[in-house]
1. Quick one: in the stretch 47-73, of everything that is of a type in the set (A, V, I, L, M) and surrounded by fewer than 21 Cβ atoms within 10 Å (Cβ to Cβ), which residue is modelled with the lowest pLDDT?
2. I'm trying to understand the selection: among the residues of the stretch 106-150, which are within 18 Å of the chain's Cα centre (by Cα) and hydroxyl-bearing (Ser, Thr, Tyr)?
3. Starting from the stretch 139-159, keep only residues that are of a type in the set (A, V, I, L, M), then list their pairs with residues that are part of a loop (DSSP other than H, G, I, E, B) and surrounded by fewer than 15 Cβ atoms within 10 Å (Cβ to Cβ) whose Cβ atoms are within a distance under 7 Å, requiring at least 6 positions of separation or different chains.
4. With respect to the numbered conditions (1) buried (at least 17 other Cβ atoms within 10 Å of the Cβ); (2) without any contact (Cβ under 8 Å) to a residue 60 or more places away in the chain; (3) more than 17 Å from Leu190 (Cα to Cα), which one is the sole condition not fulfilled by Asp114?
5. If only one of Arg80, Arg14, Arg103 is more than 22 Å from the chain's Cα centre (by Cα), over 20 Å from Arg196 (Cβ atoms), at pLDDT 90 or above and loosely packed, with under 13 Cβ neighbours inside 10 Å, which one is it?
6. Find all pairs meeting these conditions: Cβ atoms under 8 angstrom apart; at least six residues apart or on different chains; first residue within the stretch 204-223 and over 13 Å from Ala143 (Cβ atoms) and among the small types (Gly, Ala, Ser); second residue assigned to a helix (DSSP H, G or I) and modelled with pLDDT of 95 or more.
7. Scanning the stretch 153-210 for residues that are surrounded by 22 or more Cβ atoms within 10 Å (Cβ to Cβ) and aromatic (Phe, Trp, Tyr), which turns out farthest from Asn82 (Cα to Cα)?
Amino acid sequence: MARRPNLGPIQSLRAFVRVALPVIFALALFAPADADAKSRRRKDKRSYFVRTILKSAAVAPFSTVIIDPGPGGVDPGGIRQNFIPEKGVALDVAKRLQKSLKRSGLNTSMTRSDDRFIPLDARVAFANSYRDAIFLSIHFNSAPRRAVRGVETYYAAPTEAVLAARIQRNIAATTTGGNRGVKRAGFRVLRNTKMRAVLAECGFLTNPQDVALAVNPRYRQMLADQIARAVVEERNAVRAVTQASAPRVTRF
């Protein structure tokens, strides 16, 4: 067998470059442009999903509020890192909200009033059986990272954005956590309800500070009252616009 000739340092370097350069070029060609490329692709998918939400819900006067406390029954809500289950505090805020709205002259109906599991489609069907109504879903949030905290509000149809903003403004004023803003999403209870619908996330049950707020009955009452004030503000604003745009009858 013939022996390979010994290559000097320069020849070895040139041989390495000839082999490695095409590999490096291929990796550069097919790799993400930067470390955030994967994150951008996820955002692009989410934005595409938002653009494909097809919901039409007219802004119209309402006399009834459908209150939807999140999870329930066999579904405690959240993730295993939760300090407390979501279903209990969501139901408590919903019941307090119901009382507050009734004091303001609004009719209310709840998708659940005790600790039972209600499928999402059943919640939607229940809400869609009402006329002259809006839909409010009450939730608490979760995250794998304990440092994440704050409140946020979701909507699906563009006509729901103002109501969502009113609620977000009010619940953000109740917490020392972050104001995570108003976001558009295609959650089933939002996109499949025929009336305007909003989902409020009232804090992260995986965060110690938010949990300390959530377990406090005074805080849950504050949340309920602030959401109710936003709903009443929306009712009055829609009523005023409707009355202003109504044709005036001239009497002779």
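1. If we take residues in the stretch 47-73 being of a type in the set (A, V, I, L, M) and surrounded by fewer than 21 Cβ atoms within 10 Å (Cβ to Cβ), then Val50 is modelled with the lowest pLDDT.
2. Ser137, Ser142
3. Going by the 7 Å Cβ cut-off, the qualifying pairs are Ala157/Ser56.
4. (1)
5. Exactly one of Arg80, Arg14, Arg103 is more than 22 Å from the chain's Cα centre (by Cα), over 20 Å from Arg196 (Cβ atoms), at pLDDT 90 or above and loosely packed, with under 13 Cβ neighbours inside 10 Å, namely Arg103.
6. Listed pairs, sorted by first residue: Ala214/Val89; Ala214/Arg220.
7. Result: Tyr155.
The values are calculated or read from the model by the stated rules, or taken from the named source; none is laboratory data. From a predicted model like this one, the values you see are computed outputs, not experimental measurements. FYI the Cβ positions are ideal-geometry reconstructions off the backbone, even for glycines, and counts take in every protein chain you see.
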